[in-house]
Amino acid sequence: MIPRQKYLDAILSAFGTTLIKVITGMRRVGKSTILLQVMEALKARGVPEGNIFFVDREDFAFEHVKNASVLHEATEDFFAHKEGKKYLFVDEVQDILEWEKVVRHYGKLADYEVCITGSNSHLLSSELGTYLSGRYVEFSIYPLSYGEFLLFKPEGNLREYMEFWGLPGVALLPDTLRSGYLDGVLNTVLVRDILERYQIRNGALLSDMLRYVASNIGYPTSTNKMARHLRKERTSLAFETVREYLGYFRNAFFIDAPAWSDILGKKHLELHEKYYFTDIGIRNGLVGYRDEYLGQILENVVYNELVFRGYSVKIGRIGSLEVDFVAEKPGEKLYVQVAYLLSSPETADREFAPLEKIPDNYRKMVLSMDADWGNGRNGIERKQVEDWLLEG
């Protein structure tokens, strides 16, 4: 198992506290593997293996653990007569009915540490607050960054990453099986995390909507326009239904839609949302990986990298001009423009112009895939995107 050290260090730092550790993320993003790595790290610190109870819902041995009562009974049986601190790990906890009762119970006990994972909207932050009474810390797991991808596949390159990568499981497969694996993940999310939970009958509509979003990543997307487009083959489709289904995609950690930010701070902006896929390989499986999409895909990759690095990311607006990303974390702000190629002076002017109008002194940069990217201007950096992806 290749350690994803960023997550491992963060999660381990929460042990020794009374907080319930909650690991969330889309299906097949690597949560279970990280959970196993956490347990191995605890053993290396001296925790006896007999004091670690791992409930793996994908293991047939735990098929019977379907509700809170059975989970409680199994936990009590495992830890009977055990001395010292006890560690309860539950993978894909949302598959256990009323799981929160057991997690809350053991989370209150001084001699227990509890760590759980979940993939879908049962573990949204808004619901966790209700389930766990605020006594938890959440760790969001994302698909592989480009730097992590190269740990999994040292001979890889950015083009390959942009076409297939994000989910660690892809690393274990030959080229001929990648597309089928990604299709399987997509279908699982659509069926188990959306259709079944929200009792939606029209699966074809969900798929059509997702393909529409995949074709328009990085572009402002009007919900009304999407509804009109999808009505072409349907007699009726309400605006509210489209908005509701988009929310389901976001709840399943499938897509994200950053808010808008008025850089001059004078207005509250309510503009059409721009969507990005959490995993670019699944996006490409929906509508293809073609040259015409490369600019959009690259923008999606940069957005995901900023999120992976811990930034809160918004889309900037300064007058009539747009800044692709305004990324902030405590004590730091970064403005980013993304272009596939700066193929002409006019293209360069278009990308640099919004950043040149920003009156503060925070870091600003234009990222592209140009092999010879030249110099920045007016204090704005110009970087080759692969170099930036590997910074740090």
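The values are calculated or read from the model by the stated rules, or taken from the named source; none is laboratory data. Predicted model only: the values in this text are computed from it and were never measured. Glycine also receives a Cβ, built like all others from the backbone with ideal geometry; neighbour counts cover every protein chain displayed.
Listing for the model above:
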read-out: Candidate set: region 207-231, residues that are of a type outside the set (A, V, I, L, M) and touching a Lys or Arg at 6+ places or on another chain (Cβ under 8 Å); chosen: the one nearest to Tyr245 (Cα to Cα); value: Thr223
read-out: Some residue of region 287-305 being more than 21 Å from Leu144 (Cα to Cα), buried (at least 22 other Cβ atoms within 10 Å of the Cβ) and touching a residue at least 40 places away in the same chain (Cβ under 8 Å); value: no
read-out: Matching entry among Leu294, Leu306, Leu341 (being assigned by TED's automatic domain parsing to the domain that holds Ala371, of a type outside the set (Ser, Thr, Tyr) and under 16 Å from the mean Cα position of the chain (by Cα)); value: Leu306
read-out: Some residue of region 38-49 being exposed (fewer than 15 other Cβ atoms within 10 Å of the Cβ), among the small types (Gly, Ala, Ser) and outside any helix (DSSP H, G or I); value: yes
read-out: From the options Leu8, Leu35, Leu12, residue that is part of a helix (DSSP H, G or I) and in contact with an Asp or Glu (Cβ under 8 Å, 6 or more places away or on another chain); value: Leu35
read-out: Count - residues of region 193-250 that are part of a helix (DSSP H, G or I), of a type in the set (Gly, Ala, Ser) and either closer than 25 Å to Gly118 by Cα or over 22 Å from the mean Cα position of the chain (by Cα) (or both); value: 6
